[in-house]
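For reference, the structure is listed below as C-alpha cells.
Rule-based calculations on the coordinates, nothing more; no lab input. Everything quoted here is computed from the prediction, not taken from an experiment. Glycine gets a Cβ as well: all are built from the backbone with ideal geometry, and neighbour counts include every protein chain shown.
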Amino acid sequence: MDRCVVLVDAGYLLGAAASLLAGEPSRSRITVDHTALIQGLRERAEQDTGRPLLRIYWFDGAPDRVPQPEHRRLRVMSRVTVRLGALTRSDGRWAQKGVDAAMHAELTELARNRACSDIVLVTGDGDLLPGMMAAKEHGVAVHLWALQAADGDYNQSEDLVAEADERRVLDRIWITRAVRAKDTTGICAPPPVPRPEIAAILSAPLPESAPDRTATGRPHPGDGPADPPHPAPPRDSNGVTHGNGAADRGAPKGVPTPKDLAALRAPGTHPVPGAQPQPAGATLRWSSDKGWVDRPGTVSEPADAASLPTLAQVTTAEQRWADREEDITTVGGDPYEVGQVFARRWMARLPEPAALQRLSTLYPRVPHRIDGELLRYAARFGLLAHKDDQIDEHDRYAIRAGFWREVEARTAPEPAPAGE
C-alpha cells in the first residue's frame, strides 16, 4: 500500500524537546500544542516519504494505563491512534513500561500485513532494532527521525541509526512551532487562552458567615488576651479553606472553617454578640468517596440548593451509556470543557426549568451534592494523576467556571431588539 505511517515514542520526543528547550528532560518543564505537533508530523512525513498519511500512532505511558487529558485530546484527533503503556514510579523517578514492546508489535504487524510502504519511527530506543529489521524484510522503507540533541551528540541508539533506510533530524526551529519551555520566550505555541470566568469566581464574595474569635481577631467575653490577627488562608470557589498543614492547625485563622462554626454551638463556648443563633437541627456536611456525610454542628445548605437533583438522578440507563460514549470519543478532558459538558447534560435533563433560576442565585457556590458529583466526573479524565489523588486547585476553578459558563448561557436574558 502506497501510504506512510508514523510511530511516535512520546517519551523520547517530548523528553528530548524538554532537554533541548528547558535544559532537563522533565516534560513538566514544557508546554505542548498537540494540534500543531500532530499537524507538523503529518506534513513532514508526507513530504519526506512522498506518500499520503495513513495514521499516526502515539505511544506513551500513563499511571495504570488511564488516559490523561493530553491523551484524550490526541485520540479524538483525525488519523491519530493512542497506545498506552504503564507509568511507574521507582526511586523517585517515573519510568515507562511496555511502550517499546507495543511499538515493536505495531511495527511488525504493519509491515507483515503490508498496510503501508513507508514507516516513520520517532524514537531513540535500540530495543526496536529487531522490529525495524523485520519491517525491512517485508519490503517496507523505514525512516528514522531524531530530535536535535541538547548537547549536539546522538540521542538515539547507534545500531538503530545504522539500520534505518532514511534518517532525519528535527531541529529546534521545527519543534518550537509546537513546544515551548515554560520559563522561556520565543517562537512557540501560544499560551493557553485566559479564562475571565475563573477570575470572576475567585473575586466573587462568599456568603456571610457568623463571626467568631477567629473571624474578628477579638476575644470572646471571658477569654484571655487576644492573639494577633492572622491573614485568611486561601479558599476555593466553594469556600473550602486551604491551609499549610500542621502549622496552620495551631494558629487562629482569618476566616472560620466549617469546623470553627460548628464549635460555636459546642457546650461551654461563649456566644458571639450579634451572631445569629444556629438552628438546633443544623449539620456539618463532609465529602467523601461515598458521597456526602452529615455531622452535627453547623448550618446546612439552603433549601433551594438541597432540592436540586443530581445528574445521576435525572439520567436514564440509555443516557448513561450515550454519555460514556461521548466521553470516550469526543470530550478532550480540558477541565473547563469538562465542567461545560457536565452542566449541559444536567440542564438538559432537569424536570423543571425553575431549578435553573434557583441554581443561578447560588453563584459562585455549586451546591454540595452537585459539586461532589462534578468533581468525581472530572476524575474520569485523568485529572487526579500525579497529584496525590487530589484535583489541582486551578483545575477545580476551571471545572466550576465551565459549569457556571453553561448555566449563564442558558439563564441569561435575551438582548432586546435594536430600537427598543
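Things to note:
- Counted as qualifying within the range 1-98 are the strands (runs of 3 or more DSSP E) with 2 or more residues that are hydroxyl-bearing (Ser, Thr, Tyr), namely 80-90.
- For the range 307-382, the helices (runs of 4 or more DSSP H) that sit wholly inside it and include 1 or more residues that are closer than 19 Å to Val76 by Cβ and β-branched (Val, Ile, Thr) are 317-329, 335-349.
- Only one of the numbered conditions (1) surrounded by fewer than 20 Cβ atoms within 10 Å (Cβ to Cβ); (2) touching a residue at least 60 places away in the same chain (Cβ under 8 Å); (3) over 13 Å from Thr35 (Cβ atoms) is violated by His71, and that is (1).
- Arg93 in contact with a helix residue (DSSP H, G or I) (Cβ under 8 Å, 6 or more places away or on another chain) and charged (D, E, K, R): no
- Residue that is farthest from the chain's Cα centre (by Cα), among those in the range 315-356 that are among the β-branched types (Val, Ile, Thr) and crowded, with 16+ Cβ neighbours inside 10 Å: Thr315
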